[in-house]
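Enquirer: Structure in C-alpha cells, see below.
The numbers here are math on the coordinates, done by the rules we state, and not lab data. All figures in this text were calculated on a predicted structure; none of them were measured in a lab. Every residue, glycine among them, receives a Cβ derived from its backbone with ideal geometry; neighbour counts consider all protein chains shown.
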Amino acid sequence: MLPLAFYNPASTFTGIDSSQAELGRARLGAECLGLENIQFILKDVRDLGPADLAPSDYVIAHGLYSWVPADAREAILAYCGDSLKPNGLAYISYNAQPGWAIRGLVREALMRDRTVREAPVEEKARRAIALAGRLIEDLPSQDYAHAVLLAEELERVRDGKPFYVFHEYLAEVNEGFWLRDFVEDARRHALDYVCDAQFCRWEGHVPSELRAALAQRALDYVEQEEAADLLGDRYFRASILCRADARRSDTTHQEILEEVYIATSLGAVSDPFDLREGVVEQFEGQGIAGKEPPTITIDASITKAAVVLLSAQWPFGLLLDALCAKATEMLTTNGCEVLAGVRLQLGNDLCTLFEAGQVDFCLWEPAHQAEILEYPQAHALARFEAEHREALTTPYHLPIPFEPGAMAFVRDLDGSRSREELRQAFGAELVDQTLPILSRWGLLENATPGIKGSAWKH
C-alpha cells in the first residue's frame, strides 16, 4: 500500500490488519515517506464496526480469503458489501478448485509428516522444503499423469522461499473454492461477480478453441468459467465483485481499445527484421518464473511495426491513433505497402495479444522524470525500498529487483553528487547501467544540483 499511496497522492488508503508487528512496519514506512494519505486499522476483520467502514472505490483482499476461517470469510464479504460505493469494485483472491486439489494433497502430506509436524514454528517451512526434495527423488517414473502433477507441485515447495511455503502449505487454514460457491456466498452479501482480474495471466488463460466450444453449450457465464477451470486445471482466482445494485453495461473490446495506453515489452527475435506483409516474424514475450518465455508469431505488417515501436519505449505506451500513425509511417519509410483497414487489423491483433498476457492496456500513464540529470536523484520511495526491500516498485506497481550493489547505489542517490562523483564512488559500469533503468521505470525525480532532496528518515 505504501507505493500505491506514494504514487497516488490524490487518493486515500486504509490498511486493515490484525498483526501489530506488520502494521508497525507499515506505519513506520508511511512516517518515513511523509505519507499523509494513508491510515491503518489494527483489528481482526471480524471485529470491524460501522466506524471502520469508510466508503471505498476499491477494496483489495489479496492472499487472505482462503487462509482464514469461515466466519472471517463472511466478514470479508460483509465488509465489501457495506463499504463499497455504488460503482465500487472489490478484488478478492483465493485458491480455486479443481486445480487446487493437488496442492491441497501435497499440503496435507507435508503437515502429516512427523519431522514437519513436530518442528518449531520457525523451522517448519525449512523441514517441508527438505521433505519435498526427498519425495521428488523417491517419485517413480513420471510416465504417469499423477506423478507429473505431483512432481510439479513438490518442485514448487522445494524451490519456494520459506515464507511462501509456510503461507501456502503449512498455514492452519487453507481451502480452495469452486467459483459458483464463491459467487453464491458473495450474493448473500448483496455482491455480484463481474469477472476475474487475471483472465489474461497464465493461470487464468483459456485457449480460444476451448472458449468457443464452451460457448456452444447451454451454460451460464459461471458454469462456463467452472468448466474452463476443470479442463484447464486452474488453481487460483482473483475475482472482481461489485454491489448487486451497481449499474452494469457491456463494453466492447474496441471501445476499451480507444481509451487506453497500449504498451508491450515483446522483443523481435530476428535481426535483420522483415516488416513486409505476410512474412512471419517471431517475438519473445515476458517469461514466467520457472517457465520459458513464450514466443509470439506475427505476420501482419502494421502489427509488427507497432510492436517494434512499443518495445522500444517500454514501459511507456501509446494511444491507438498515435500508434497506428507511427506504425504506418514506419512501413512507408521502409518501403512497405500499407494495406486498407490496417487500423482494424491492428486493433484486433492487439486484443489477441492482450488476452494472451503480452500487451498491457492502461487507462492512464504515470508522469516520469525520464531525463538523467547531471545530479541524479532517486525519489524517496525508491531510496526507502532500497534500504528495506529486495525490489523497487515502479509507478506501474511492478517490482523491479536489483543486485545488492545497485541497491546501495540507489540508497545514496539523493541528488547531492554528480554523475562523475557517483562513478568514482560506485564504479562507472554500475552507474552507467543502473541510471537508465531507474530513468526508464520512473524511479528518478528532479533534483537541485548538489543539494540533497526529498529526504526520508532512516
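Enquirer: Could you derive backbone 3J(HN,Hα) for the stretch 239-246 from the dihedral phi with the Karplus parameters 6.51, -1.76 and 1.60 (θ = phi - 60°), listing whole Hz in sequence and x where the residue is Gly or Pro?
Expert: 8, 9, 10, 10, 5, 4, 8, 5
Enquirer: Go through 206-212, 227-233, 344-350 and give me the packing order, highest mean Cβ count within 10 Å leading.
Expert: 344-350, 227-233, 206-212
Enquirer: Using just the helices of the chain, give the 222 nm mean residue ellipticity in deg cm²/dmol: DSSP H runs with n ≥ 4 each add -39,500 (n - 2.57), and the total is spread over all residues, rounded to 500.
Expert: When only DSSP H runs of four or more count, the value is -13000 deg cm²/dmol.
Enquirer: Between Glu421 and Glu292, how high is the FRET efficiency from 1/(1 + (r/R0)^6) when r is the Cβ-Cβ distance and R₀ = 51 Å? Nearest 0.05.
Expert: Approximately 0.75, to the nearest 0.05.
Enquirer: Count the lysine pairs in the chain that are 8 or more places apart or on different chains: how many have C-alpha atoms under 25 angstrom apart?
Expert: 5
Enquirer: Note down the net charge around Ile400, summing +1 for each Lys or Arg and -1 for each Asp or Glu among other residues with Cβ under 13 Å from its Cβ.
Expert: Charge balance in the 13 Å sphere: -1.
Enquirer: For the stretch 100-170, what is the convex hull volume of its Cα atoms per residue in Å³?
Expert: 72 Å³
Enquirer: Residue-wise, which Karplus ³J(HN,Hα) couplings in Hz belong to the stretch 41-47, taking 6.51 cos²θ - 1.76 cosθ + 1.60, θ = phi - 60°, and x for glycine or proline?
Expert: Residue by residue, the stretch 41-47 yields 10, 8, 7, 6, 4, 6, 9 Hz.
Enquirer: Something else now. By per-residue mean of other Cβ atoms within 10 Å, what is the highest-first order of 129-142, 3-16?
Expert: 3-16, 129-142
Enquirer: Now for a different question. Can you pull out the trypsin sites (Lys or Arg not before Pro) in the stretch 262-323 that DSSP calls coil and that have at most 14 other Cβ atoms within 10 Å?
Expert: Arg276, Lys291
Enquirer: Using modelled amide H (1.01 Å from N, peptide plane; none on Pro or chain starts), what sits under 5 Å from the amide H of Val59, excluding residues fewer than 5 places away?
Expert: Sorted by chain and number, the residues that satisfy this are Leu89, Ala90, Tyr91.
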